[in-house]
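Below you'll find the structure, written out as structure tokens, and then a few comments.
The values are calculated or read from the model by the stated rules, or taken from the named source; none is laboratory data. Bear in mind the structure is a predicted one, so any value in this text is a computation, not a measurement. Neighbour counts are summed over all protein chains in view; Cβ atoms, including those assigned to glycine, are modelled from backbone coordinates with ideal geometry. SASA here: full protein model, heavy atoms, side chains in, ligands and nucleic acids out. Shrake-Rupley method; radii C 1.70, N 1.55, O 1.52, S 1.80 Å.
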Amino acid sequence: MSPREPRPLTVCAHCGQQKQCSRLILGKPVCGTCQLRFARTATTCPGCGGIKVLAFYDDHGRPACATCTGNKPRYACVRCGREDSPFGRRCGPCMLEQRAADLLTDPSGRIHPQLQPVFDTLMAGPRPQTTLYWFNRSTGPGILRAMAQGEIEITHAAFEAMASNKTVNYLRDFLVAVGVLPPFHAELERVTPWLNDILAGLPKDQADVLGRFARWHVLRRLRHQEQAGTATHGAISGARATIVATARFLTWLAAHDTNITTATQADLEQYAVEYRGRAPMVVAFLAWAGRTGLSSGIKLPTPAQQGQPEVTLADQDRWAQIELLLRDDTIRLYVRVAGLFTLLFAQPLARITRMRADQVTVNDDGHVTVTFDTVPIELPKSLALLVLAHLARRGQASYASSPDYWLFPGGIPGRHLVTENIRGQLVQRGIQPSTARMAAMFHLASEMPSAVLADILGRSPSNAGRWAALSAHDWSQYTAQRAASLTE
Ligand SMILES: [Zn+2]
Ligand SMILES: [Zn+2]
Ligand SMILES: [Zn+2]
């Protein structure tokens, strides 16, 4: 029958309405809507044991699948034959595979090599129908298609050029989570537009100087800190404060009929007298201006040279804090683990929050080691138990966020926790992370040779050597396992 000819109306055996019923289910005519609903009810076939749509009677009068009853397999995926996940003429997985491949194909007809992890992640998702729904409803897939076609670059810069909205941000997080884009730092990203606003409010000559200083010195330094994992909230606020102080200083110079090139040492001393509090914040700018030949080399007197590292937390207090974190169940588990990494191994919080789960190893003999840099350090038993409990309890992130990646996953897909989250909770319990870290460093320096210490601390050996010298120990023999005795 041609589809154009109106079919006679029949009573649908399922819904009872007068409809065009072109199919039979279990020998009775049903309408198109009921037939679609029935196609999603695959269950175990008594004949073959497969998960099938049982629309026919077998010789024993039982509902059975098409194959077992000699019928045409009209509920089967035309590509792979499965009947348990219908999505039009194909099954969900086959449809998803085709749609994802279409979406991510580059002009040469293959999946864009950079986007292969996206394809793999989409295919590994638990429910193809959900992903197919996303394909149809979101504008995100359109961006992916344009990236595959080479119309949009696969870079953070491309995302920055787009209007920031939930879809764009989600897609960006997703690409970071699957490793297509390198990690990025949202707070850091916001510094550039903020700087541009400040520059727009300054006269051109001041904006030029401040813009160069900010981009070539302040922001560059932040990027380095980002790579080292130390671009904390504090570091970013400090950078902003430096930029604001410099802008004010340039305005002050202009108000005194001078600028950074013509200013004299006397001008600078006057500024230091008028603005005692602000003056130290332009030291970096003055040093930069001197180095780049922009100024005549005028300088503020530098603050007193830093002396030896100062340890203010007595060892006894440090052990009390370690005890607190080991025993107190009212403190969140991840805060206890992170705090103990600081108190026992002198790890900065910024580095702890960026740890990956695979830095923790459970060995065959049941011992747990953590590799902060390259040397695996065996954890004391009580801490090992906390770490294992934390690993077991870590939130199960959505499939798009590589759930196993971060040791301390944050609330946003693909991101780790922010340091302030942990810092705030430690401070509430009377633990100052930076002081605690100093104390731990001092202790470790007395326990370890400087090379191992340098590895744990991620610092240059000479710096670690300074610590070792300070604690009056220098070790020639050491095994990393020594750390195991710390709290046993
Ligand atoms: Zn019906
Ligand atoms: Zn069957
Ligand atoms: Zn299929």
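Figures for the structure shown
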| quantity | calculated |
| --- | --- |
| Failed condition for Pro29, given (1) near ligand 1 (Cβ under 10 Å from one of its atoms); (2) part of a strand (DSSP E or B); (3) loosely packed, with under 15 Cβ neighbours inside 10 Å | (3) |
| Of all residues making up region 188-211, the number that are loosely packed, with under 11 Cβ neighbours inside 10 Å, charged (D, E, K, R) and farther than 13 Å from Ile243 by Cα | 1 |
| Among residues of region 56-69, those that are away from ligand 2 (no atom under 11 Å from the Cβ) and in a loop (DSSP other than H, G, I, E, B), counted | 3 |
| Test result for Leu104, on the phi < 0 side of the Ramachandran plot, in the same structural domain as Leu171 (by TED's automatic domain parsing) and in contact with a strand residue (DSSP E or B) (Cβ under 8 Å, 6 or more places away or on another chain) | yes |
| Filtered residue count, region 126-149, keeping only those that are in contact with a Leu (Cβ under 8 Å, 6 or more places away or on another chain) and of a type outside the set (A, V, I, L, M) | 6 |
| Pairs, first within 13 Å of Asp84 (Cα to Cα) in region 30-50, second basic (Lys, Arg), C-beta under 8 Å, six or more apart | Ala42/Lys52; Thr43/Lys52; Thr44/Lys52; Cys45/Lys52 |
| Only one of Asp365, Asp373, Asp329 that is at pLDDT 80 or above, open to solvent by 10 Å² or more (accessible area, probe 1.4 Å), out of contact with any strand residue (DSSP E or B) (no Cβ under 7 Å at 6 or more places or on another chain) and not in a helix (DSSP H, G or I) | Asp329 |
| Hits in region 264-279 - residues which are polar (S, T, N, Q) and open to solvent by 70 Å² or more (accessible area, probe 1.4 Å) | Gln265, Gln270 |
| Selected residue (only one of Ala76, Ala42, Ala64 is touching a Leu at 6+ places or on another chain (Cβ under 6 Å) and either charged (D, E, K, R) or away from ligand 1 (no atom under 16 Å from the Cβ) (or both)) | Ala64 |
| Residues of region 12-23 classified as open to solvent by 80 Å² or more (accessible area, probe 1.4 Å) and modelled with pLDDT of 90 or more, total | 2 |
| In region 46-102, residue farthest from the chain's Cα centre (by Cα) [restricted to those that are within 9 Å of ligand 3 (Cβ to nearest atom) and open to solvent by 50 Å² or more (accessible area, probe 1.4 Å)] | Val78 |
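Yes or no, residue by residue, for (1) of a type outside the set (Val, Ile, Thr); (2) on the phi < 0 side of the Ramachandran plot; (3) open to solvent by 30 Å² or more (accessible area, probe 1.4 Å):
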| position | (1), (2), (3) |
| --- | --- |
| Ala228 | yes, yes, yes |
| Ala231 | yes, yes, no |
| Ile243 | no, yes, no |
| Ala247 | yes, yes, no |
| Thr262 | no, yes, yes |
| Met281 | yes, yes, yes |
| Ser295 | yes, yes, no |
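Residue-by-condition table, conditions (1) at pLDDT below 80; (2) under 36 Å from the mean Cα position of the chain (by Cα); (3) among the hydrophobic types (A, V, I, L, M, F, W, C):
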{"position": "Tyr271", "(1), (2), (3)": "no, no, no"}
{"position": "Met281", "(1), (2), (3)": "no, yes, yes"}
{"position": "Ser296", "(1), (2), (3)": "no, no, no"}
{"position": "Lys299", "(1), (2), (3)": "no, no, no"}
{"position": "Val311", "(1), (2), (3)": "yes, yes, yes"}
